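Here's the structure, in structure tokens; my notes come after.
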Amino acid sequence: MRIRTRWIPWIPVGRSARLKCMLFLMTAFFLSVQHFINISERRTAQNGFHISYSTKRTTVTSRPSAETEWSISMGLKQGSEETSAQRDYGPLSNRTCSGQIQLLMGHHRQRKGFLTVGISSVPRDGEFYLPVTLSSLHEKLTGAERDEVVIVVYLASFDKEFVNDIFTQVHTFYNESLESGLLQIIQPEPIIYHDMDNIKKRTYNDSLERVHWRTKQNVDYGHLFGYCENISQYYIHLEDDVIAATGFLDDIKAMIVDVNKPLFNKEWFELSFSGLGFIGKLYRSRELCSMKKFFLLFKVEKPCDLLIKDLRGIMQQQKEIKRAKSLFQHIGITSSLAGKTQKLTDRLFKDRRKSGNAIEQYLLVNYKQSTLKNPNAEIRSSLKTFGRYLPHIPYISSAMGFYWAETPSNNSVYRITFRTLQHVNSIVIKTGHPVNKNDFLTEGEVWLSQGSLDKNCEDYTKAGPFEDGQFSVNFETVVPVQCIEIRITKDMDTWLIIWEIVIDS
């Protein structure tokens, strides 16, 4: 007897439709099973049984040694097994998805926050955008808001130089954020990538190289979701090459209030605060564990932005709920996929200038001519810094942009303090815009100090003046140096740019 499909209208007749139906049913089944598993785990815990999860963590709030850095960057745990106090510290006692992740720098807060900002970061060919992203987030948060937010940076690479560059910058410029719990640096264990080489399946007509890249990205995002599961009430996902709009936290709160009103009459799973890719997407933190498992289950099938769109539909949110003005702007040009460039900007960005964001382009270029890596140091400046053109930028060889100070006054100081005494062969300091040829230091000098046993630098010796905005000296014999000061010797009528500092030691 032949059955006519018109009598069973819910059966799709096309091959594509049948595949979509099967994907929907499989995912619904997966979420249902996970729901019952979670209920079972909670009941088991309530009946006095303990479920053990692998959650290796360490706390690092001081600069690691070179040997320790290499061990950490290879995903190896430092020290002994975690104590029960570490396992139950703060909101972590309720977490179920955070295994196979190490906390490298910072610590957990004892209370649950309002918003967790998740950022996955990887090396890019010749570019390093993360410092600009961290600077922007810190700049756009008030002191009180920093108590409500946790920024989690997931290091999705074991490259020694990449990890150590991040350690240097974070420890030097965000030590207070590490101590307060505002900033956490995490890294997965290498085992999470154990089956990557076995992937042979190609979809969307992508090359195998691109399939591997996007699959690893799904794995990274999934584990980042799991780690952030219960840190705050909400979670927002960013990339490591974005900047934030002024007042972004207040704007996020306002939209959450609006969509939670009865008049809105829509159940939401995702709120969007950017029109580009997987940037600025906000979720309730209670969804993160299921999101992790969904991403890992279908990691090979689709790119992250399509996976989250599928999950959004499964969670009964059919259309994007987006804020009219975007709160995060994409600034990166070099993709994490080797050889790929993408000049994507959001025209609806809240802080976008009517004349365009031309000034921001200065932050996207590394003007430095030397690749020599300077010694570890602390950078301080008494000059008034403009925007995100921070004092450390000219000192770090991989950092883009330059240091920009507003109209320096006489006796202003830019100071470099080495973490250990250095034996210096030469010093080069370049000021003035490297392209536009303005904002040079015309009246300034360089002074050196050997420091003392307590590393205080008081007895300085003059090394020489700036000439045509540049300072360069080669010592006949190595000179012991603990501190270097650039001193402004006359009020300036213009601003000051320092774009490269090279210390050969």
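Below, the figures for the structure above:
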quantity: Cut-off 9 Å between beta-carbons: net charge of the residues surrounding residue 413, Lys and Arg +1, Asp and Glu -1; calculated: +2
quantity: Fully extended contour minus Cα-Cα distance, from residue 347 to residue 413, at 0.36 nm per residue; calculated: 19.8 nm
quantity: Potential extension, residue 201-residue 264 segment - 0.36 nm per residue separation minus Cα distance; calculated: 18.4 nm
quantity: Under 16 Å from the residue 461 label point (7 Å along Cα→beta-carbon), backbone N, the stretch 467-497; calculated: 473-485
quantity: Listed residue pairs exceeding 24 Å between alpha carbons, taken from 140/309; 325/384; 216/309; 216/373; calculated: 140/309; 325/384; 216/373
quantity: Packing rank of 114-121, 377-384, where each peptide gets the mean count of other beta carbons within 10 Å, highest leading; calculated: 114-121, 377-384
quantity: Residue 457 accessible area, assembled protein chains, probe 1.4 Å, Å²; calculated: 30 Å²
quantity: Note, ³J(HN,Hα) from phi for the stretch 226-233, Karplus 6.51, -1.76, 1.60, rounded to Hz, x at Gly and Pro; calculated: x, 5, 8, 3, 10, 6, 9, 6
quantity: In order through the stretch 471-478: 3J(HN,Hα) via Karplus (6.51 cos²θ - 1.76 cosθ + 1.60), integer Hz, x for Gly, Pro; calculated: 10, 8, 8, 10, 7, 5, 10, 4
quantity: Note, ³J(HN,Hα) from phi for the stretch 167-179, Karplus 6.51, -1.76, 1.60, rounded to Hz, x at Gly and Pro; calculated: 4, 4, 5, 5, 5, 6, 10, 10, 4, 5, 5, 5, 5
quantity: 5 angstrom amide H check on residue 397, placed H, neighbours 5+ away; calculated: 374
quantity: Under-5 Å amide H pairs with residue 444, H placed in peptide plane, nonlocal only; calculated: 466, 489
quantity: Net charge over other residues, Cβ less than 12 angstrom from the Cβ of residue 440 (K, R count +1; D, E count -1); calculated: -3
quantity: Cα-based shape type of the stretch 365-433, given that a ≥ b ≥ c are square roots of the gyration tensor eigenvalues and the cut on a/c is 1.5; calculated: oblate
quantity: The stretch 178-259: mean projected area of Cα convex hull, nm²; calculated: 8.6 nm²
quantity: Inter-label distance for residue 111 and residue 421, nm, one decimal - labels placed 7 Å from Cα along Cα-to-Cβ; calculated: 4.7 nm
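The values are calculated or read from the model by the stated rules, or taken from the named source; none is laboratory data. Just so it is clear, the structure is predicted and the values come from calculations on it, not from any experiment. FYI the Cβ positions are ideal-geometry reconstructions off the backbone, even for glycines, and counts take in every protein chain you see. Areas reflect the complete protein model, heavy atoms only, side chains present, ligands, DNA and RNA absent. Shrake-Rupley method; radii C 1.70, N 1.55, O 1.52, S 1.80 Å.
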